[in-house]
Amino acid sequence: MNIQVFLIEIPDYIRLRLQEFFQTYSGVELIGHHSMLMESQSCLSSMLPHVVMLGVIDTAHIAASVQTIRVHWSLTRILIISHTPSLTQMQVALNAGASGYCSLITAEAQIATLITLLAQGGCGWHYQASLSLTKNPRGLPNIQSPFTKRDLILLRYIIDGLSNKEIATALDISVKTVEARVTKLLRIADVQCRTALAVWWLQNMYGLCELESAIMVNLKG
């Protein structure tokens, strides 16, 4: 069965772009759209999409918009499509209960990957962030931190969205070793999951605000 997606407050040029893409993309079906969230509530109860794509401009309205959708579709996953993406806004979306976040310029194939991930019960965040890395071979940040060089390498893989198995293969270590190191990093940052760790790292260790280069964070891990 196709993953059913409903669009709310998505600009027409993006909607048309997505419609054209999903006509030839197997597994995802756009079942409807509405230009205004408040005006779309009359038709919400008659549908049960797997994923709602919600366009967002103002960070202050994210929580209320997510709550409005939840009233009608409590089990539907919500993917925020941001006009003005930032790490702060991404954190607000996460706290509000959204399952995913990306920008208007995210490629259709990447949006399709996010939609599939959300429909399967996972979460996904695709955004742009200037990492301000040094030019050393491993791309490690030139900063003082409570993390060892080995920790920093692991953090880069986590931020890039690699699974524990993929990290283990890349570092030539066991999955159990990766799990132990991830647990250590979570404890240092005082967070409960890999996504919160990535957000904490980007906000506190890099001091990032605006978004400039693409990173995918898979929240299933």
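Things to note:
- As a rough footprinting exposure proxy, the listed residues L185, L155, L104 were ranked by other beta carbons within 10 Å of their own, and the order from fewest upward is L104, L185, L155.
- As a ratio to 2.2 N^0.38 Å, the alpha-carbon radius of gyration computed for segment 149-205 takes the value 1.02.
- Extended-chain gain in nm, criterion 0.36 nm per residue less alpha-carbon gap, T116 and Y25: 31.6 nm
- Sites S35 and T183, calculated FRET efficiency, Cβ-Cβ separation with R0 35 Å, nearest 0.05: 0.15
- Tail beyond 21 Å, pair distance distribution of segment 3-122 (Cα, percent): 29
- Panel order for F6, F22, by other beta carbons found within 10 Å of each beta carbon, from fewest to most: F22, F6.
- Simple spin-label estimate for Q192 and S163 gives 2.4 nm between the two label positions (7 Å along the Cα-to-Cβ direction from each Cα).
- Cβ-derived FRET efficiency at R0 35 Å, D172 paired with V71, nearest 0.05: 0.10
Where a number appears in this text, it was derived from the coordinates with a stated rule and is not lab data. These figures come from a predicted structure and were not determined experimentally. Cβ atoms come from the backbone with ideal geometry, glycine included; neighbour counts cover every protein chain shown.
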